[in-house]
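One structure is given below, encoded as structure tokens.
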Amino acid sequence: MTLSLRHEVLHLALRDPFRIARSDHDAGHAVTTLVIELRDPRFPGLVGLGEGYPDRFYGETIDTMVAVFPMLLAAVEGFEPTAAGVRAATARLQAAIRWNGGAKCAIDTAMHDLAGKVSGLPVHRLLGLSTDIPPTDFTLGLDEPSIVAERARRASGFPALKIKCGGPADIATLEAVRAVYDHPLRVDANTGWTPDIARQLLPALVDLGVELIEQPFPAGRLDWLRDLQATSPLPIVADESCVTIGDLDALVGVTAGVNVKLAKCGGPGAAALMLARAHELGFRTFLGCMEETSVAIAASAAVASLADWVDLDGNLLLADEPFEGLVLGEDHRWQLSDRAGLGVSRRA
Ligand SMILES: [Mg+2]
């Protein structure tokens with residue numbers, strides 16, 4: 001083994017408290033994420049940056065990530081720093097062990113950053129992808145309706161807002177936001193509704209200009225999702241029900257859309273494959289993120305040209321972003337630069 005990896009656990013404060021409907025999600029005032037530096041003696045002086053977000057809902061903690069890193073490193077050992085080379089290494093990474101998307105994401109991202117730096121290509125070019133990407137929305141967590149509305153007012157420059165729902169005041173919250181914000185609203189219930197609640201809310205959601213409904217029901221209730229989609233004029237988007245590329249087939253005819261995240265599926269290489277396959281199967285695609293730094297957001301932005309909707313705001317939720325180099329344009333599109341690799345580095 002010649003590859004070496006150094007990991008660092010980051011505990012990062014959030015700008016605003018961030019709650020969602022799932023009680024296992026403990027992001028409140030701070031989040032924990034893990035960044036890595038990957039070195040290969042074949043490429044002296046170059047460092048690949050990666051990030052993986054440990055989410056217990058998907059079976060990961062810092063400890064599980066660190067435990068599988070040696071196995072994942074062995075899978076990418078000797079990767080060729082070319083488009084074909086990283087594609088092959090992503091496939092070996094995916095085959096090494098099932099699940100563990102956050103740990104795979106850290107390694108896959110660092111490998112793409114390093115390969116980009118070796119070959120002189122930005123990651124999106126290494127993946128053969130365009131710089132033409134949709135603008136990102138901005139996400140507001142569960143809180144009192146007046147507080148959510150105040151945050152919506154502050155975020156009114158964004159072309160869409162994603163509103164976390166699944167609490168007792170969903171309609172009051174959406175009405176309060178609508179009073180101060182004119183553009184589309186995307187609703188994410190994070191498994192917090194029942195079919196009865198969804199049926200009751202649906203007409204109001206349509207009236208309020210909601211553009212899509214993300215994961216209203218528990219992950220395993222594809223039957224409930226299918227029934228709601230059959231009667232809903234709004235697209236239903238599977239998130240917790242759609243973790244990896246292997247989940248797509250079972251969602252055909254169930255939901256109109258799927259939410260792809262690098263931390264669920266295993267990095268930019270895996271996400272590019274999953275987004276392309278989702279389109280082949282007729283899904284509309286939403287590219288999401290966790291509360292991550294701009295290492296993970298830059299890796300996500302590299303594949304965002306494959307998405308219909310983009311929700312890449314994790315780093316914008318942080319009080320102090322530890323990395324720099326990723327720039328949000330005035331049109332709220334992440335700017336994909338010509339710099340080699342991810343184009344981000346640690347703040348001095
Ligand atoms: Mg979601």
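Kindly evaluate GLU77 against the criterion of being away from the ligand (no atom under 16 Å from the Cβ), closer than 29 Å to ASP313 by Cβ and not hydrophobic (A, V, I, L, M, F, W, C). Considered against the rule, which asks whether it is away from the ligand (no atom under 16 Å from the Cβ), closer than 29 Å to ASP313 by Cβ and not hydrophobic (A, V, I, L, M, F, W, C), GLU77 comes out as no. Taking the condition within 16 Å of the ligand (Cβ to nearest atom), in a loop (DSSP other than H, G, I, E, B), under 23 Å from PHE217 (Cα atoms) and not aliphatic (A, V, I, L, M), does PHE57 pass? When the stated conditions are applied, PHE57 does not pass them. Exactly one residue out of GLU280, GLU240 is modelled with pLDDT of 95 or more, among the acidic types (Asp, Glu) and within 14 Å of the ligand (Cβ to nearest atom): that is GLU240. Here ASN259 fulfils each of the conditions (1) more than 12 Å from the chain's Cα centre (by Cα); (2) at negative phi; (3) polar (S, T, N, Q); (4) within 16 Å of the ligand (Cβ to nearest atom) apart from (1).
Of PRO203, PRO195, PRO218, all but one fail to be surrounded by fewer than 18 Cβ atoms within 10 Å (Cβ to Cβ) and within 16 Å of the ligand (Cβ to nearest atom); the exception is PRO218.
Take the stretch 221-271 and flag every residue that is assigned to a helix (DSSP H, G or I) and open to solvent by less than 20 Å² (accessible area, probe 1.4 Å). First the steps, then the outcome.
First pass over the stretch 221-271, keeping only residues assigned to a helix (DSSP H, G or I): 222-231, 245-251, 262-265, 268-271.
Scanning the stretch 221-271 gives LEU225, LEU228, LEU248, LEU251, LEU262, ALA263, LYS264, CYS265, PRO268, GLY269, ALA270, ALA271.
Looking only at the stretch 174-215, which residues are in a loop (DSSP other than H, G, I, E, B) and polar (S, T, N, Q)? ASN190, THR191, THR194, GLN215, listed by residue number. Listed by first and then second residue, the pairs linking a residue in the stretch 164-193 that is basic (Lys, Arg) to a residue that is at pLDDT 95 or above and open to solvent by 30 Å² or more (accessible area, probe 1.4 Å), with Cβ atoms under 6 Å apart and 6 or more places separating them unless they lie on different chains, are ARG186/GLU211. Quick check: is even one residue across the stretch 307-315 more than 14 Å from the ligand (Cβ to nearest atom) and in a helix (DSSP H, G or I)? The answer is yes; a qualifying residue exists.
Which one is modelled with the lowest pLDDT among residues in the stretch 1-27 that are of a type in the set (Gly, Ala, Ser) and open to solvent by 20 Å² or more (accessible area, probe 1.4 Å)? Don't jump to the end; show me each part of the working.
Initial filter on the stretch 1-27 (of a type in the set (Gly, Ala, Ser)): 4, 13, 21, 23, 27.
From what's left, open to solvent by 20 Å² or more (accessible area, probe 1.4 Å): 4, 13, 21, 23.
Values: SER4: 97, ALA13: 96, ALA21: 89, SER23: 68.
Filtering the stretch 1-27 for residues that are of a type in the set (Gly, Ala, Ser) and open to solvent by 20 Å² or more (accessible area, probe 1.4 Å), the one modelled with the lowest pLDDT comes out as SER23.
The values are calculated or read from the model by the stated rules, or taken from the named source; none is laboratory data. What you are looking at is a predicted structure, and each value in this text was computed from that prediction instead of being measured. Counting neighbours? That spans all protein chains shown, and the Cβs are built from the backbone with ideal geometry, glycine included. Side chains are part of the model used for accessible areas, which takes the heavy atoms of the whole protein and leaves out ligands, DNA and RNA. Shrake-Rupley method; radii C 1.70, N 1.55, O 1.52, S 1.80 Å.
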